[in-house]
Amino acid sequence: MKIAFILSYMNDKEAKKWKDTYLRSITDKITEDINFPTYVLFIALLKKHFKAYDCERQGVYKLNTIKRGNRPVEELVTEFSLYVAEAGLTSDTNAEQVMLIEKFRLALNPSLAKRIIFGENIPKTLEGWYEKAIQYDTNYREGMALIGKPLKGGYTSKKNGKKSAEKDPNILDIDLMTQGKRTYLMKNGLCFKCEKKGHMAPDCPDPNDKEDKKKKKKKDDKKKEKTKKEEKTWDTKVLHALIQGLTAKQKKDLMTLQVTQEASSSKCHKERDSDNESKKSEEDF
């Protein structure tokens, strides 16, 4: 039977609950026989219980909250059209056209909506807005693909757009060069950075290059950090062990050097103190 076939697929959530309740209602309590109604009555009862309530209101709500996001405009147009039909709206009158155009404009990303509004010919119908939005979005995505930056969704706002990936420092940016200059450098075998022969751009020794300066500074910082670590390792125990390993002559030379340095330091201090006293006397005088 058709009814039994339909009921066999109602095995989940609300559909299963309704099926169990319905079967109990048509089952004879004494004989436990199932008395199915006619197919027409069954379908009418099924539609009554599973009717979508307030469909128009839900459609209007969806039209007010729909957003394009990062997806292609074609997908937005398809979904927007379905919600218009669900809400029971039409674009027969001028007032309805204006209302639907405004809702569609708000669903677009701001950058794309501005492009249409500030264009030469502003569409006056909803279908015209559909066509313009799809045209601009398609052109934008194709253009970005040509320069090596394909997008999943086309026109995106700054808020919705993803953060651009960090630039690889090993990749040379030659986009700012003119085509003629690039051709000239390549033809003459010149470096793209310093425009000299004998090497390629990645191996350019030009000290004025910003990337080279960054690398040199990073290398110097590592060297300083290594030196500090080595200085910290010279503690008292290490020095004592080194001194103990010296020969008698080396110890004598070390002591002589120490006395000489102390005498020199003392002499410098005396000369400096003498100069300070002389200056003070001159000032007092």
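Please treat every number below as a calculation from the coordinates, not as lab data. Just so you know, these numbers come straight off a predicted model, no measurement behind them. With ideal geometry, Cβ positions are generated from the backbone for all residues, glycine too; neighbour counts draw on all protein chains shown.
If the limit is 30 Å between Cα atoms, which of K196/K218; K196/K216; K62/K132; K196/K217; K19/K67 go over it? Don't jump to the answer; show the numbers that get you there.
On the way: K196/K218 26 Å; K196/K216 21 Å; K62/K132 22 Å; K196/K217 24 Å; K19/K67 38 Å.
Check vs 30 Å cut-off fails for K19/K67.
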In vacuum, with every alpha carbon of segment 2-49 counted as one equal point scatterer, what does the Debye formula give for log10 I(q)/I(0) at q = 0.22, 0.23, 0.29 Å⁻¹? Two decimals, please.
-0.83, -0.90, -1.26
If we sort 7-18, 25-36, 121-132 on the protection proxy, mean other Cβ atoms within 10 Å, highest first, what's the order?
121-132, 7-18, 25-36
Within 14 Å, Cβ to Cβ, of L41, how many net charges do the neighbouring residues add up to if Lys/Arg are +1 and Asp/Glu are -1?
+3
